[in-house]
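Step one of this worksheet: look at the structure below.
Just so it is clear, none of the values below were taken in a lab; they were calculated from the coordinates. Values in this document were obtained by computation on a predicted structure and should not be read as measured data. Positions of Cβ are generated from backbone atoms using ideal geometry, with glycine treated the same way; all protein chains shown enter the neighbour counts.
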Number of protein chains: 4
Amino acid sequence: MDENWPSATCETAGCLMGTHKPLVLVAGAGAGLGQSLLARFEQSGFTPVGLGRSRPVKPVGDFQTLDLTDEAAVPAVISELIAKYGPPKVVVHNTAELVIAPFAQTSLADYRRTWASMVQSAVLVAEATVQPMVDAGGGTFIVSGATASLRGGAKFSAFASAKFALRGLTQSLAREFQPAGVHVCHAILDGIIDTARSRDLHSLDPAKMMKPEDIAEAYWQLAHQPKSTWTHELDLRPASEGF
Amino acid sequence: MDENWPSATCETAGCLMGTHKPLVLVAGAGAGLGQSLLARFEQSGFTPVGLGRSRPVKPVGDFQTLDLTDEAAVPAVISELIAKYGPPKVVVHNTAELVIAPFAQTSLADYRRTWASMVQSAVLVAEATVQPMVDAGGGTFIVSGATASLRGGAKFSAFASAKFALRGLTQSLAREFQPAGVHVCHAILDGIIDTARSRDLHSLDPAKMMKPEDIAEAYWQLAHQPKSTWTHELDLRPASEGF
Amino acid sequence: MDENWPSATCETAGCLMGTHKPLVLVAGAGAGLGQSLLARFEQSGFTPVGLGRSRPVKPVGDFQTLDLTDEAAVPAVISELIAKYGPPKVVVHNTAELVIAPFAQTSLADYRRTWASMVQSAVLVAEATVQPMVDAGGGTFIVSGATASLRGGAKFSAFASAKFALRGLTQSLAREFQPAGVHVCHAILDGIIDTARSRDLHSLDPAKMMKPEDIAEAYWQLAHQPKSTWTHELDLRPASEGF
Amino acid sequence: MDENWPSATCETAGCLMGTHKPLVLVAGAGAGLGQSLLARFEQSGFTPVGLGRSRPVKPVGDFQTLDLTDEAAVPAVISELIAKYGPPKVVVHNTAELVIAPFAQTSLADYRRTWASMVQSAVLVAEATVQPMVDAGGGTFIVSGATASLRGGAKFSAFASAKFALRGLTQSLAREFQPAGVHVCHAILDGIIDTARSRDLHSLDPAKMMKPEDIAEAYWQLAHQPKSTWTHELDLRPASEGF
């Protein structure tokens, strides 16, 4: 913990119960990166809580199974978590819903699903966490972007439009909430993340994939930037990746 | 008409009936800009057809009243129009749904409405028109962007995220369909359009507003760029506008 | 001429001599595009004057042979031209100096030459023309950019750094002089221009090259945008060009 | 040192002499940030060497006084340093030459000076260091950008054009040398750095300035990113800074 972490007055249930460990919430924690993020923060003293549709076999820390697009469940679950652990210090939005298809094979349902999965879920998570972080004296809200956040490629109409939307939302959150003490970051993951699923799907040499634990380290660093040097946007890509 | 306009073989109903005038479809034609666009194209020999929720008192050309987010109505209406007039030469997507509010006062319904109004409607209109334009030998699909297409400002979380999404979608359409002959453009309107509504809402001197007929002229030019010099993105702003 | 062209008071020599045709100055007019620009403007009543190192065999209009990086010659020649023809209505900066080489084979002389050719020449031409245009009531200053204006590719270190610099300069000129009535544009030419030299250098099918007369038409349109809809930046590329 | 640092074979003079500490070179180390960078790297075991025109009163580590635009001195001095210390692991280019003036008050000498100070110096430093880093198995080359790297504001024509150029150069270096193992970063410092000089020049509350030691920490992190997650570009700004 560096000096920039506020020593919040103890008013939450979690705090009153003596749970002094800061909370990290990762929305979209079923997959490789989500679990690596939780592990990285846990290793340095955070209470890790993952949210997602599919419970990992052995989740790091607490895991809440829920549909992150569910507008009733998300506020309910997060508000219970806040009651239990106090407001989060760090929130990561890390959901993804990849669709790659020609325009004619991309249905309205695909657009809705990618949008809900990435944008609606981010809105719901932000609604439930950002103001509590402001009230507690600050925190960090990190959003995972992708190559398609900056470039709408052919066959990526659904995915890119949702990732563009998420970037616009994240900028807006940064401009509204950074003056109130919540650091909002957009990390552009420009490469394939090395997970079991990626190795099945892609013929790419795993040595050229992004390691989840390396991304986790970068997010950890973002979450601990002092107030004089906040990064809003950065790219992360393997040395071998063309761009 | 310049030499770049294909002289399509006559197979559509509209063509067989001798309706040789090319069709311009403006989705979002209730407001000032939409009507000015139709007038500009009509003036040079196009058949103007407007689509929108609110029928103007004296619409330019044909006007179809419909909800552009309606996934049954949009394909049905456009397919009838194509049966009648032949496939469009020019399609303009020009819907907007402005929400300006702090994040805490922006509801999920606001995000959904702005997204549906701008992105879902663009998907539906593109689904109904782009392939017919490809089949007819080409055409132009123009999307109206805004300042918020490039910058997510505070209080613009819903509007900016939808405009970002629309920009990503438009890029994706350009990369898929330009090689097939459909020119896809994203015009960033960086200023306030001079309409009766703008004059009510804003205290800005109308001399500093964008004139709908000037925007219409720019769209006309985009729709007539020869194939060797297609613009995908341009900004349009008043000389007096800071940027 | 549209209504946006000021009817300047007659005070210059050119005006007093009855030369009422507006002046277009193209800096970098030896090559194909430069001459096509002059031809396009001449066709609609402008007095065309080209500037450049190499006099074309049959130049369109007046041609002044000079080194556009020469800080004595540029102001002297342009000031004579202004004395003769009045201040320009339209100025195009269209010089280029392409270097493609690995970093290790790019010398400091290459960086200096590309910079001087593109940036120093633009500064000199702007110094000699922009304020006279302001004083005469307005005008248009168009700068030719390239793919490398937005992306520094491998082997393009000299060319891209100069084209980036030119873009920064052009933005700065736009922000300072647009409020004073001079429209400043940056046109990103994203493709190979079809010239005799391109056909020698590239194996690309000329049908996939940008036609100089099409670019000229686009610049003509930029130079005649009404004050309510000025474009600062646009891209121009062949329909067949990937991006 | 993390596992990504190559354990280079010992062939250089510095290495043969038993100087195993990696070298960090900061070009532009007279001012506050340069010295803070050297201190940060020294603190974790690097040999710090600063280069610049003005020797600080008490420089951190070795300091070589030279004009970084001097095309004879830069390679000579750096080659001596490499003979002494081995090739650098980390190089930071951190020169700046601010000019703020209306276009009419910005002379060609201003453009040349800002360009030479920022671009020519970067070329010279990269020429002397990047290939040696490649040969030694890798390293990091970080360039300090500014707000004006992305936006050419009025009165910033000289500064912005040079910062744009530097960004283009840096991208080009990244695309050429990252596959060869040298990580190339462009850090956009979007705020005023808290130095004695800034406090004299600006009325801004120092609490709203970027702390040199915080920037140094960010650069340290960039220099230690693992190969699977290299950042090419990031912004750094105070929480209080609008953007």
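A few remarks follow.
- If you go through the range B:64-74 and keep only what is surrounded by fewer than 22 Cβ atoms within 10 Å (Cβ to Cβ) and closer than 17 Å to residue B:28 by Cβ, you end up with B:64, B:65, B:66, B:67, B:70, B:71, B:73.
- Test result for residue B:47, closer than 21 Å to residue A:120 by Cα, buried (at least 18 other Cβ atoms within 10 Å of the Cβ) and either more than 15 Å from the chain's Cα centre (by Cα) or free of Cβ contacts under 8 Å to residues at least 12 places away in the same chain (or both): no
- Of all the criteria given as (1) farther than 25 Å from residue B:242 by Cβ; (2) aromatic (Phe, Trp, Tyr); (3) part of a helix (DSSP H, G or I), the one not satisfied by residue B:141 is (3).
Okay, residues lined up against (1) of a type in the set (Ser, Thr, Tyr); (2) part of a loop (DSSP other than H, G, I, E, B); (3) within 11 Å of chain A (Cβ to nearest Cβ):
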site	(1), (2), (3)
B:83	no, no, no
B:101	no, yes, yes
B:109	no, no, yes
B:116	no, no, yes
B:122	no, no, yes
B:128	no, no, no
B:132	no, no, no
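- Filtered residues of the range D:64-81 (kept if of a type in the set (Asp, Glu) and part of a helix (DSSP H, G or I)): D:80
- Qualifying residue in the range C:154-170 (condition: more than 9 Å from chain D (Cβ to nearest Cβ) and touching a residue at least 12 places away in the same chain (Cβ under 8 Å)): no
- Looking across the range A:133-143, the residues that are touching a helix residue (DSSP H, G or I) at 6+ places or on another chain (Cβ under 6 Å) and farther than 12 Å from residue A:186 by Cα come down to A:134, A:139.
- Test for residue C:87: is it buried (at least 16 other Cβ atoms within 10 Å of the Cβ) and farther than 23 Å from residue C:198 by Cβ: yes
- Every condition in (1) among the hydrophobic types (A, V, I, L, M, F, W, C); (2) at the interface with another protein chain (Cβ under 7 Å from one of its Cβ atoms); (3) touching a Leu at 6+ places or on another chain (Cβ under 6 Å) holds for residue B:184 except the one numbered (2).
- Residue count for the range C:28-44, restricted to those that are of a type in the set (A, V, I, L, M, F, W, C), within 11 Å of the chain's Cα centre (by Cα) and farther than 16 Å from residue C:222 by Cα: 1.
- Spans of helices (runs of 4 or more DSSP H) in the range C:144-243 with at least 2 residues in contact with a helix residue (DSSP H, G or I) (Cβ under 7 Å, 6 or more places away or on another chain) and crowded, with 22+ Cβ neighbours inside 10 Å: C:157-177, C:212-223
- Any hit, the range A:118-131, residues being closer than 30 Å to residue A:228 by Cβ, surrounded by fewer than 18 Cβ atoms within 10 Å (Cβ to Cβ) and either without any contact (Cβ under 8 Å) to a residue 60 or more places away in the chain or touching a strand residue (DSSP E or B) at 6+ places or on another chain (Cβ under 7 Å) (or both): yes
- Qualifying residue in the range B:187-197 (condition: of a type outside the set (Gly, Ala, Ser), within 14 Å of chain A (Cβ to nearest Cβ), touching a residue at least 24 places away in the same chain (Cβ under 8 Å) and under 16 Å from residue A:152 (Cα atoms)): no
- Here residue D:204 meets the list (1) within 25 Å of residue A:175 (Cβ to Cβ); (2) at the interface with another protein chain (Cβ under 8 Å from one of its Cβ atoms) almost entirely, failing just condition (2).
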